[in-house]
Amino acid sequence: MKLNELTIAGLRKLLDDREVKSREVLDAVYKRIDDIEGTVKSYITVTKDAAYRAAEDAEKAIRANKASPLTGIPVAIKDNMCTKGILTTCASKILDNFVPPYESTVTARLGGQKYLLTGKTNMDEFAMGSSTENSGFHTTRNPWNTECVPGGSSGGSAAAVAADECIAALGSDTGGSIRQPASFCGIVGLKPTYGRVSRYGLVAFASSLDQIGPLTKNVTDAAIMLNVIAGHDPLDSTSAPVEAPDFTRALGREIKGLRIGIPREYFVEGMDKDVEEAVHGAIKRLESLGAVPVEVSLPHTGYAVAAYYILATSEASSNLARYDGVKYGFRAAGKDLLEMYMNTRAQGFGAEVKRRIMLGTYALSAGYYDAYYKKAQQVRTLIKQDFDNAFSTVDVLVTPTAPSAAFRIGEKTTDPLQMYLSDIFTISINLAGVPAISIPCGFSKAGLPIGLQLIGKHFDEETVMKTAYAYEQSTEWHARRPGL
């Protein structure tokens, strides 16, 4: 097996035993990028020179027996996390010249471990989308079928991991943007509990929903990544003052007697048959490992998409007001200040971002605030209560990650509602703030990956990962690689 195809855990042993060097791992990763990036288009910016400089520092730490879990490991970062001195665009024309003067907390924590930044990955502009077709630069393609989308908005990160163009990656998840692309690309994607991972330096889309998490080749690597990025951060007012455990310790524990909830609202008519069969097969496998299935209800699930698209767009309208052509980023000409504002935003933002800003501005406007935003917040409370009630009787919930496997590029671009519905099984989790993971559980008849979603209680990533690991180790889905 080539070095770029290995996992974090697999490379850690080789690096620490001095069987390979960080530079050799980078060589393998960048050769892969050179070979296929023209087709997959996972990256916006490739940071080759900086990565090789970092590899020298990593080698010194390894020789001094001071290596951390990510020392010398090539990791890609979604292009909405600030990296000091490195272009950070959010895949938007309005930020196509923005170089942050500071580092996000998550990348600073990775940097403290002497990781190797391979580059900044493509995404839907400002993380608004489910297919990476809304990027202001190019569309990323699914490594399993390049005629299909990789999912979104973290599609670049997911495709890069699936195509072995990095060893692991970070993404952000506002309504499914880690888990859905993980499902479409046949990898592991974890959205931690809201507040578990600092958002400092993450360019905001919807501040009460956004959460950073890892995209990896297996559950072990997801636990390793979460160990590094989790924990309280005084720079983020929404960061929870909760001590983070060693998540790798949960792996390997048996799940006999574990109560797994099957929400009846997540298995509805019209769902793709391949997905339904794969997920039911996964539930049977968990049952064979000793888990006890229990049917539960999340009665307000049907209102989640509507509530989400009021709240997320309202917060986007507020957060994106700062892009005015004055302080940083793109500026268009105008005969006066107002015209400059209007021209800058008209030319700088893409169609989907404009659509969401307008929706949010309308929902927050005088006379409509109570009818829309306030009502959506009340629905959000009911959705959170649904999860609280379910978790009073079960330990973890099991659902499909997405209602279908990856769809074809261009298939849903003319129908925004159909695109929004591709996140129907992931949105509620962000509204409730609970943790969830997507792991591979099968393939469609067309040969595209299908994801299984496991949802846990607030700050109980350990049970989620323990269950995911038990399932993963009893199957071979995670070991399959695209034949790109």
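The values are calculated or read from the model by the stated rules, or taken from the named source; none is laboratory data. Note that the structure is a prediction, hence the values are computed from the model and not measured. Positions of Cβ are generated from backbone atoms using ideal geometry, with glycine treated the same way; all protein chains shown enter the neighbour counts.
Is it true that ASN319 is within 16 Å of ILE94 (Cα to Cα), without any contact (Cβ under 8 Å) to a residue 40 or more places away in the chain and either in a helix (DSSP H, G or I) or not small (Gly, Ala, Ser) (or both)? No.
Inspection of segment 436-454 identifies at least one residue that is under 19 Å from MET271 (Cα atoms), under 20 Å from the mean Cα position of the chain (by Cα) and β-branched (Val, Ile, Thr). Close Cβ contacts (under 6 Å, 6 or more residues apart or on different chains) running from residues in segment 330-356 that are under 15 Å from SER92 (Cα atoms) and modelled with pLDDT of 95 or more to residues that are polar (S, T, N, Q) and surrounded by fewer than 16 Cβ atoms within 10 Å (Cβ to Cβ) comprise ALA332/GLN347.
From the list ILE73, ILE62, the lone residue that is farther than 16 Å from ASN4 by Cβ and of a type outside the set (Gly, Ala, Ser) is ILE62.
Residues of segment 263-277 that are of a type in the set (Val, Ile, Thr) and touching a Ser or Thr at 6+ places or on another chain (Cβ under 8 Å): VAL275 alone.
Please work out if GLU243 is surrounded by fewer than 20 Cβ atoms within 10 Å (Cβ to Cβ) and either at pLDDT below 95 or part of a loop (DSSP other than H, G, I, E, B) (or both). Answer is yes for this residue.
Per the conditions (1) under 29 Å from LYS375 (Cα atoms); (2) at pLDDT below 95; (3) in a loop (DSSP other than H, G, I, E, B), the sole criterion not satisfied by LEU417 is (3). Taken together, ASP236, ASP272 contain a single residue that is closer than 22 Å to GLY189 by Cα and among the acidic types (Asp, Glu), which is ASP272.
Consider MET81 carefully, then state whether it is touching a helix residue (DSSP H, G or I) at 6+ places or on another chain (Cβ under 7 Å), surrounded by 17 or more Cβ atoms within 10 Å (Cβ to Cβ), more than 30 Å from LEU14 (Cα to Cα) and not charged (D, E, K, R). Spelling it out, it is not the case that MET81 is touching a helix residue (DSSP H, G or I) at 6+ places or on another chain (Cβ under 7 Å), surrounded by 17 or more Cβ atoms within 10 Å (Cβ to Cβ), more than 30 Å from LEU14 (Cα to Cα) and not charged (D, E, K, R). Candidates in segment 451-471 are the residues that are in a helix (DSSP H, G or I) and touching a strand residue (DSSP E or B) at 6+ places or on another chain (Cβ under 6 Å); of these, the one that is farthest from VAL219 (Cα to Cα) is THR463. Restricting THR47, THR83 to those that are among the polar types (S, T, N, Q) and without any contact (Cβ under 8 Å) to a residue 40 or more places away in the chain reduces the list to THR83. Selection within segment 330-360: residues that are over 23 Å from the mean Cα position of the chain (by Cα) and in a loop (DSSP other than H, G, I, E, B). The member of this set that is farthest from ALA376 (Cα to Cα) is LYS335.
Cβ-Cβ distances below 6 Å connect the following pairs, each with a first residue in segment 160-173 that is under 15 Å from ASP34 (Cα atoms), a second residue that is modelled with pLDDT under 95 and not small (Gly, Ala, Ser), and a separation of six or more residues or different chains: ALA163/LEU484. Of the residues making up segment 39-94, just one is of a type in the set (A, V, I, L, M) and at positive phi, namely ALA91. Selection within segment 285-322: residues that are touching a Lys or Arg at 6+ places or on another chain (Cβ under 7 Å) and surrounded by 13 or more Cβ atoms within 10 Å (Cβ to Cβ). The member of this set that is farthest from GLN418 (Cα to Cα) is VAL292.
Exactly one residue out of LYS375, LYS384 is of a type in the set (Lys, Arg), under 25 Å from the mean Cα position of the chain (by Cα) and part of a helix (DSSP H, G or I): that is LYS384.
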